[in-house]
1. Mind checking which lysines have their Cα closer than 28 Å to the Cα of residue A:62? Skip sequence neighbours fewer than 8 apart in that chain.
2. Would you list which lysines come within 16 Å of residue B:236, measuring only between C-alpha atoms, while excluding same-chain residues fewer than 8 positions from it?
3. For residue B:80, list the lysines whose Cα falls under 20 Å from its own Cα; do not include residues on the same chain fewer than 8 positions away.
4. Give the long-range amide H neighbours of residue B:225: residues separated by 5 or more places, or on another chain, with amide H under 5 Å away, using H modelled in the peptide plane at 1.01 Å from N.
5. So who's got an amide H within less than 5 Å of the one on residue A:74, skipping anything under 5 residues away but keeping other chains? H placed 1.01 Å off N, in plane.
6. How far is it, in nm, from the label point at residue B:254 to the one at residue B:163 when both lie 7 Å from their Cα along the line to the Cβ?
7. Using a Förster distance of 56 Å, how high is the FRET efficiency between residue B:279 and residue B:173, based on the Cβ-Cβ distance and rounded to 0.05?
8. Please turn the phi angles of segment A:30-42 into ³J(HN,Hα) values with the Karplus equation 6.51 cos²θ - 1.76 cosθ + 1.60 (θ = phi - 60°), one per residue in order, whole Hz, x for glycine and proline.
Amino acid sequence: MDIVNRLVEQRPLVIFSKSSCCISHSVMQLINSYGANATIYQLDDMSNGQEVDKALQRLGLKPSIPAVFIGQRLVGGAKEIISLQIQGRLVPMLKEAGAIWV
Amino acid sequence: MNTPSTQFVMPRRMNMYDPPLHNISSWVDSFRDDGFPNVAPSTVVEINERLDYLSEDTSSHKGQVPSNRYDQEASKPPEKVQRRLAQNREAARKSRMRKKVYIQQLELSRSKLMQMEQELERVRTQGVFGGGGVDNLPFSATVNSGIVAFEMEYGHWVEEQNKQICELRNSLNTHITDVELRILVDSGMKHYFDLFQLKAGAAKADIFYLMNGMWKTSAERFFFWIGGSRPSELLKVLGPQLEPLTNQQQIDVYNLKQSCEQAEEALTQGMDKLQQNLAETVATGRLGEGIYTSEMANNAIEKLEALISFVNQADHLRRETLQQMHRILTVRQAARGLLALGEYFQRLRALSSLWCSRPRQPS
């Protein structure tokens, strides 16, 4: 958990992904469409990618990616993001965390 | 309501099983009430004729005992009566067992037939480009049991759907209370959620079957997007049917439509990327012509499994949209919405039937 915390601290919006994962690509597209300022970690491009992957799995994420943290809090994977989007709660959350401005 | 376009035709050879049942038409009728697929009347007559020819004069005359035989029964010694009754019970029990087996084989034949018809239609419309793997062979001997099960369950789902639509329509025309209407709405919603569950299973059994909408009629397939309908499109179709809406509701529905479109766009982009990756992998011949390394095989499987997660996410989007509409609308509006949605799909299915049965011009 420590390794993940280090990667998300002080960042309003963090997305863990893999370059080969197309669902991650969709999630990133959706969030980017709001002009959000996201920090993106591609696990397959990171030297400690496997470690981060395991840490995400320990947090209960299945599959481990995409993993979205808003305001340093774990929001979830693609399913959770879609739910928030349809319920109209995604944008307020992003605004509150300072990931987007008006 | 019309049943789905494929009519079940009884196989001509009944050598798989010849039940000496006398009241086959009455139990077929009883299944109609339960929503079992209709057997066309002509085939029921045919069955009766065959069975009359085959029938043994056994003791299983349920309720058709002629009066003189009954008198004879009463004057017989008790042991003979007891024995006869026991024989009757035994024959009735055997009859019930055979009936069960018969139905199971009927169901299996029906779904095999549906599969064959779809293969035929696909081959006819797409032409045959030679090769194409086992999946494209018409009358393929290999049957995917997960898909066979799905088709059977989907058939039942459609019948239940038609019943629910009727009930909704009738209820909205009467003075039904909101409390009672809520029950109908809740079961309508659950019915759609059940379908998403079924599809999840089918996606694991054969993702291409699901992605190509093979279980749907051709008109429905025309509007297909990642394993089903586009939620934003359905919202556009339903919108006018829900009026009058309050100002707040109008805003909420509009926002929902926008949110759907954005989510759909994001998923579409992800799918496009996946298609590209898959195409590149196949083009460079890395999808296993000859010897796979385990890495190549894993790569290929991973990509196909990604397809499964796209369908799951798309269905999740559909589910969330339904639930959000449920939050926005009153019970009565929700009921009208479900009715309109159901009728929309019925009309699409009817359109497909019309199209399939239109007279073709001689070339």
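No value in this document is a laboratory result; all are computed from the given coordinates. What you see is a predicted model, and the numbers here were worked out from it, not measured in a lab. Quick reminder, even Gly has a Cβ in these numbers, built from the backbone with ideal geometry, and neighbours come from all protein chains shown.
1. A:18, A:54, A:79, A:95, B:190, B:199, B:204, B:273, B:303
2. Of all the lysines, those that pass the test against residue B:236 - Cα under 16 Å, at least 8 places apart if same chain - are B:257.
3. Within the straight-line cut-off, residue B:80 pairs with B:62.
4. Those lying under 5 Å, H to H, from residue B:225 are B:230.
5. Sorted by chain and number, the residues that satisfy this come to none at all.
6. Simple spin-label model gives 4.2 nm for this pair.
7. Working: r = 53 Å, r/R0 = 0.94.
Here the calculated transfer efficiency is 0.60.
8. 4, 5, 5, 5, 8, x, 6, 9, 9, 9, 10, 10, 8
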